[in-house]
Each structure stands twice: as C-alpha cells, then as structure tokens.
Amino acid sequence: EKSGGIYIEYPVVSEKKAVLSIQTQVRSESNSDERVLISHEIKDADGNLAGNESNYMILKSGDVQNTEIEISISAPKLWSTDNPELYYLKTSICLEGKLIDQKETRLGIRKIEVDREKGILINGEVQPFLSGVNRHQDFPIIGNAAPASMQKRDAVLFKKAGFQVVRAAHYPMSE
C-alpha cells in the first residue's frame, strides 16, 4: 500500500507521444459505500489542455482504494535540464456531482535511463555532468574511514556502472 495521494509513472515517453499512468489512492470517511468520480486534467504551462480522463469507482465504507487512469498526450513538451517544461495535473474527486477534494500536482514529462556505457540519459540525451554517485556510510561497523581495499572495490563497481564522478565526503580517503 502506498502512502496515499497521487503517484505518476511515464510508461511511454517520446517527442511524438507520452502516456502518463496516474494512480490515485482514495480513503472513505463515510459509513456507507459510495460511487465517486475521479477526474484528471493535464494542462501545459500556458494553461492549454493537454489531456484529461475520468472514471467512476465504488468506494467501500471506511476503506482505502487505489484507482489507475492512463492519459495520452500528443507531441508533449519534454522536460530537460535545458528546458524544464512543466505540466499541471488537476485531480478532482466528486460525490453526487459535488466536488469533495481536489489537488494540483506539478510534473515534468521525461524519460530517465542509466546506461553502463553512456551514463545518465534524459530523453535519450547523455547528461555527462550527472554521471556520478554520492557515497554514503554503507558499512556502519567500520566507522567513517573506509580502508583502501574497500574504496578500490567500490571504484571498480562505480566504473562498471558507467559513473565517472564520485562524491565521497562521508568517507575520508585512505592514505
């Protein structure tokens, strides 16, 4: 069970089309089962409608339920570090035609991949400045100073994973 609210995944992302899978968790505070309408409306930064979808669900008394809706967007404006294009998702819950809850969620449509050879890609483009890791204290028994053998082992693993940069502020370097 998720922690509640709205969860968005992007199963399809390209310059031609994006599909957003929107999962919404709804909690009943009623003593009886109710038929509620879940509506999602996506607008771009200029307020233009990019997509919308709705569905009804029977919400059981005192229960927590999840619903999932997919919305397709043609020719989406993809988010990138150079052009952080944003959309706004308005989620509404109605009972008997009356709005009972509403939330707006800001989102960026993008595809993020990690490739062993290329590093991090956003929308298929290599992001060399993002090809790094942040090392934290993974071995609580040894304290803050990791021996050279452990650091070498980690360096080999990081290199195999395609990273070029390591931030190691939490582990002082060995001599």
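The values are calculated or read from the model by the stated rules, or taken from the named source; none is laboratory data. What you see is a predicted model, and the numbers here were worked out from it, not measured in a lab. Glycine gets a Cβ as well: all are built from the backbone with ideal geometry, and neighbour counts include every protein chain shown. Calculation scope for accessible area: heavy atoms of the full protein, side chains included, ligands and nucleic acids excluded. Shrake-Rupley method; radii C 1.70, N 1.55, O 1.52, S 1.80 Å.
Does residue 152 satisfy the condition of being open to solvent by 80 Å² or more (accessible area, probe 1.4 Å) and modelled with pLDDT of 90 or more?
no
Would the range 157-168 turn up any residue that is open to solvent by 40 Å² or more (accessible area, probe 1.4 Å), part of a loop (DSSP other than H, G, I, E, B), modelled with pLDDT under 90 and among the small types (Gly, Ala, Ser)?
No, there is no match, as no residue in the range 157-168 is open to solvent by 40 Å² or more (accessible area, probe 1.4 Å), part of a loop (DSSP other than H, G, I, E, B), modelled with pLDDT under 90 and among the small types (Gly, Ala, Ser).
Select from the range 111-128 the residues that are among the aliphatic types (A, V, I, L, M) and either open to solvent by less than 90 Å² (accessible area, probe 1.4 Å) or modelled with pLDDT under 85 (or both) and list them in ascending order.
120, 121, 122, 126
Within the range 81-116, track down each residue that is within 18 Å of the chain's Cα centre (by Cα), touching a residue at least 12 places away in the same chain (Cβ under 8 Å) and in a strand (DSSP E or B).
Within the range 81-116, 87, 88, 89, 90, 91, 103, 104, 105, 106, 107, 114 meet the criteria.
Can you name the residue in the range 67-80 that is more than 11 Å from residue 22 (Cβ to Cβ) and either open to solvent by 60 Å² or more (accessible area, probe 1.4 Å) or assigned to a strand (DSSP E or B) (or both) and is also modelled with the lowest pLDDT among such residues?
Looking at the filtered set, the residue picked out is 79.
What is the one condition in (1) within 17 Å of residue 102 (Cα to Cα); (2) open to solvent by less than 90 Å² (accessible area, probe 1.4 Å) that residue 29 does not satisfy?
(2)
Is at least one residue of the range 81-88 open to solvent by less than 30 Å² (accessible area, probe 1.4 Å), at negative phi and not polar (S, T, N, Q)?
Taking every residue of the range 81-88 in turn, at least one turns out to be open to solvent by less than 30 Å² (accessible area, probe 1.4 Å), at negative phi and not polar (S, T, N, Q).
So which of 53, 9, 15, 41 ends up being more than 21 Å from residue 100 (Cα to Cα), assigned to a strand (DSSP E or B) and either open to solvent by 80 Å² or more (accessible area, probe 1.4 Å) or acidic (Asp, Glu) (or both)?
Going through 53, 9, 15, 41 in turn, just one is more than 21 Å from residue 100 (Cα to Cα), assigned to a strand (DSSP E or B) and either open to solvent by 80 Å² or more (accessible area, probe 1.4 Å) or acidic (Asp, Glu) (or both): 9.
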